Every structure is written in C-alpha cells, then in structure tokens.
Amino acid sequence: MSKEIIVFTSAACAPCKQLKPELEFQAGHRGFPLRFIEMSIANQAEFMKYEVRSVPTVVCHDGEKEVGRFLGAMTPTAVESKLAEWGL
C-alpha cells in the first residue's frame, strides 16, 4: 500500500512555513503523495481523527494505519532521515 505524508499546519505558524518547502522538495524527489491540512473549523475533524494538538505535525500514513509522525520543524537532514525510516 502506498504511503502518504499528511502535514497539519497553520498559516500563522513560522515552523510550518520553514518545513513546507523541504517537504515539497522531498515529495517531488522521492515521489510520495503530500497533503497539507490547514488548521480551521472546516478541518477540525481531521485534526481530531489524527489526534493533532500542535502544528506542524507530520504524519506518515499507509491508508490503514499510521506509520510514524514528528512534531515541529526539523532540519533538512533530519527530515530525510525520518522519511528514510518510514520507507519513503
């Protein structure tokens, strides 16, 4: 089953803005689906479903279960390491 990265974010979040270009680069380079979910009333159910309490939260999901997650901004090297750990 294909893995997807879901990024829970907020427009006012500086670490979210720092992390976004690195994840977009990695998704293009490694070829995995990447979805951003903005914090809003409309997206509240998604935040609750994944038990997200802070942003940025990055979740790797394989369609059936969560493979892993990390919270907060990370260096490009740390992001690469986490993606490799998740098999991406």
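Sub-9 Å Cβ pairs linking a first residue in region 1-27 that is in a helix (DSSP H, G or I) to a second residue that is among the β-branched types (Val, Ile, Thr) and open to solvent by 50 Å² or more (accessible area, probe 1.4 Å), at least 6 apart or interchain, are 22/75, ordered by first then second residue.
State whether one or more residues within region 28-45 are in contact (Cβ under 8 Å) with a residue 24 or more places away in the chain, acidic (Asp, Glu), surrounded by fewer than 17 Cβ atoms within 10 Å (Cβ to Cβ) and closer than 21 Å to residue 81 by Cβ. The answer is no, given that none of the residues of region 28-45 is in contact (Cβ under 8 Å) with a residue 24 or more places away in the chain, acidic (Asp, Glu), surrounded by fewer than 17 Cβ atoms within 10 Å (Cβ to Cβ) and closer than 21 Å to residue 81 by Cβ. Annotation: of all residues in region 52-70 being closer than 10 Å to residue 8 by Cβ and out of contact with any Leu (no Cβ under 8 Å at 6 or more places or on another chain), the one that is surrounded by the fewest Cβ atoms within 10 Å (Cβ to Cβ) is 53.
The values are calculated or read from the model by the stated rules, or taken from the named source; none is laboratory data. None of these values were measured; they are calculated from a predicted model. Positions of Cβ are generated from backbone atoms using ideal geometry, with glycine treated the same way; all protein chains shown enter the neighbour counts. Calculation scope for accessible area: heavy atoms of the full protein, side chains included, ligands and nucleic acids excluded. Shrake-Rupley method; radii C 1.70, N 1.55, O 1.52, S 1.80 Å.
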